[in-house]
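The values are calculated or read from the model by the stated rules, or taken from the named source; none is laboratory data. Model, not experiment: these values are computed from the prediction. Glycine also receives a Cβ, built like all others from the backbone with ideal geometry; neighbour counts cover every protein chain displayed.
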């Protein structure tokens, strides 16, 4: 029996001043991202419109944040420092 294996790479996050760029090729049309505080509070949520999604973080204080990506049955998490 032959099994197919799919590898999904973790999202890449780039910080440019007060803007974060999430590089993720969504596998499902309903894939979303959440930017959260370390306490787990959702600050920003949105849908992927392209492989490079830009999110404006103007007005948010400097600190550590988490990004969660929900893409079908897959969940990705990465952290970044603003």
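All but one of (1) surrounded by 13 or more Cβ atoms within 10 Å (Cβ to Cβ); (2) at pLDDT below 90 hold for residue 57; which doesn't?
Against the list (1) surrounded by 13 or more Cβ atoms within 10 Å (Cβ to Cβ); (2) at pLDDT below 90, residue 57 comes up short only on (2).
Of the conditions (1) modelled with pLDDT under 90; (2) surrounded by 10 or more Cβ atoms within 10 Å (Cβ to Cβ), residue 49 clears all except one; give me its number.
With (1) modelled with pLDDT under 90; (2) surrounded by 10 or more Cβ atoms within 10 Å (Cβ to Cβ) applied to residue 49, the lone miss is (2).
Output the residues belonging to the stretch 44-64 that are part of a strand (DSSP E or B) and in contact (Cβ under 8 Å) with a residue 24 or more places away in the chain.
Correct list: 52, 53, 54, 55, 56, 64.
When you go through 8, 15, 32 one by one, which is the residue that is surrounded by 11 or more Cβ atoms within 10 Å (Cβ to Cβ), in contact with a strand residue (DSSP E or B) (Cβ under 8 Å, 6 or more places away or on another chain), modelled with pLDDT under 90 and farther than 15 Å from residue 79 by Cα?
Matching residue, one of 8, 15, 32: 8.
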